[in-house]
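K.L.:
Have a look at the structure that comes next, please.
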Amino acid sequence: MARATNTAENIAVPNDLQAFWMPFTANRSFKARPRMVARAKDMHYFTPEGRAIIDASAGLWCANAGHNRDSVVAAIQKQAAELDFAPTFQFGHPRAFELASRIAALAPGDLDNVFFCNSGSEAADTAMKIALAYFVAKGQGTRTRFIGRERGYHGVGFGGMSVGGLPNNRKAFGPMLPGVDHLPHTYNREQQAFSKGEPEWGAHLADDLERLVGLHGDTTIAGVIVEPMAGSTAVLPSPQGYLKRLRQICDKYGILLIFDEVITGFGRLGHAFAAERYGVIPDMITFAKGITSGSVPMGGVIARKGIHDAFMHGPEHVVEFFHGYTYSAHPLACAAGLATLDVYRDEKLFERTKAIEPKWYDAVMSLKGLPRVLDIRCVGLTCGIDLASKPDAVGKLGFEAMDRGFHEEGIMFRAVGDSLAFSPPLIVSEDQIDEIVGKVGKIIKALA
Ligand SMILES: Cc1ncc(COP(=O)(O)O)c(C=O)c1O
């Protein structure tokens, strides 16, 4: 049995690696050569030995305010001492209402009502259930279908997985939800390679929704769900005009448009929500990750007022929507969320992201021309780099780059097959951008 040793005082290092069946991990490789972190502050993780690792992925796209921010830590500590748990089924606690109001105020248009859950996966399934129940409430119960998109990721629940479009996340799990279809993904290397920001080519791909409406009928589709920037497939920014076109077609046929902003929410694209960047108001926004900067699990759905209000009928003692989680609006998550929103506001981190975007684009594009680099994509503070795979071992280079990054170069990023994905905390300095890009260049050059 592989064992890690305690090498630093006061840091508990697991001494048996076998029991934890790690999520989305090559478990055997990890346990043979662990990439372990024990502490974090601002832009860095620290290994149990105390080695600094610059965080070029905000953990898992979530630590937008940076790690272990003092005010967030203090808010969580205070909340834990004051109110550890309160049910939000038929009871409430003040911070849940305060946080919902703050989030609704940040969201564009009449996206006024917030339903809390604990993760992005739950948020996707919650949005789908709201859509279905909304149409039942409106007397349009024939609307039961959903349209997702190839290469999309909406978490690992059966709803989100069904509308998702990453083959590895689907193929072992049976037939999924019935009544789901997919738009084509928006990537075309010939037309879009090395675009800075939203590629010019690709808005017409939204028109495929017309084809799906033609196929399934104009009264059977409840919702379309897309990410304004598809992160988990190694960053596919929306083509210019694409989301507006989707909005128009959804309006034409009375279909709800859901933006999955689990990654793009809370500043990643230089706005509270990407909806604002694209000037498109969806009917629902799902969020998670950045709401607490990753410090306490939380997710949610923001719904337009008309959707929420459609539920508010019938006898007043009766539950209007039979859905929710024990930990919906958990007090610790609410405290963390409120403190995190304060950091975003006080440090103007969304505006800063927008301002630093050109510097980030130029820096990552400087890697063009390195061996194996087929494409670099970027939007907001994100970047995806496609590497040419080894023909006999797809995914091996990506894995090696990630592993080398951690062990040799002191950097954390995501590998998706042979693509590398970057999304540093929004507090990243210009020097740290150069440091990240320098390390990545070195890693790519060193790949066999
Ligand atoms: C767009 C999107 N939706 C949903 C999810 C799922 O979130 P979680 O892992 O919190 O369930 C993710 C996670 O990366 C995501 O990127």
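K.L.:
Which one, 325, 45, 242, has the greatest fluctuation when you compute a Gaussian network model over the chain with C-alpha springs under 10 angstrom?
P.N.:
Ranking 325, 45, 242 by mean-square fluctuation puts 325 first.
K.L.:
Same structure again: Under the rule that a partner needs its Cβ under 4.7 Å from the first Cβ, which Cys of the chain have none?
P.N.:
Lacking a cysteine Cβ partner under 4.7 Å: 62, 117, 250, 334.
K.L.:
Also, quick follow-up: In what order do 98, 408 fall by count of nearby beta-carbon atoms within 10 Å, going from fewest to most?
P.N.:
408, 98
K.L.:
Could you please report the charge total around residue 397, scoring K, R as +1 and D, E as -1 over all other residues with beta-carbon less than 13 angstrom from its beta-carbon?
P.N.:
Neighbour charge sum, excluding residue 397 itself: 0.
K.L.:
Under unit Cβ charges (Lys, Arg +1; Asp, Glu -1), what dipole magnitude, rounded to 20 debye, does the chain have relative to its Cα centre?
P.N.:
Around 840 debye, computed over the chain.
K.L.:
Can you order the peptides 419-425, 399-405 by their average number of other Cβ atoms within 10 Å per residue, highest first?
P.N.:
The peptides rank, most packed first, as 419-425, 399-405.
K.L.:
Moving on. Between segment 351-423 and segment 86-102, what's the alpha-carbon centroid distance in Å?
P.N.:
Cα centroid to Cα centroid, the span is 40 Å.
K.L.:
Once you list every other residue whose beta carbon is under 15 Å from the beta carbon of residue 181, what net charge do they have if Lys and Arg are +1 and Asp and Glu are -1?
P.N.:
Net of charged neighbours comes to +1.
K.L.:
Mind telling me which of 360, 201, 21 comes out most flexible in a GNM of the chain, alpha-carbon contacts under 10 Å?
P.N.:
Between 360, 201, 21, it is 21 that shows the largest mean-square fluctuation.
K.L.:
From the square roots a ≥ b ≥ c of the eigenvalues of the alpha-carbon gyration tensor of segment 71-346, which class results: rounded (a/c under 1.5), prolate (a/b over b/c), or oblate?
P.N.:
In terms of gyration-tensor shape, oblate.
K.L.:
Moving on. State, as an integer percentage, the relative contact order of the chain based on alpha-carbon contacts under 8 Å between residues 6 or more apart.
P.N.:
Reported as a whole number, the value is 21 percent.
K.L.:
So, one more: Name the most mobile residue of 303, 127, 203, meaning the one with the largest mean-square fluctuation, in a Gaussian network model of the chain with Cα contacts below 10 Å.
P.N.:
The residue with the greatest mean-square fluctuation here is 203.
Values in this text are rule-based calculations from the coordinates and carry no lab data. Predicted model only: the values in this text are computed from it and were never measured. Ideal geometry is used to build each Cβ from the backbone, glycine not excepted, and the neighbour counts take in all protein chains shown.
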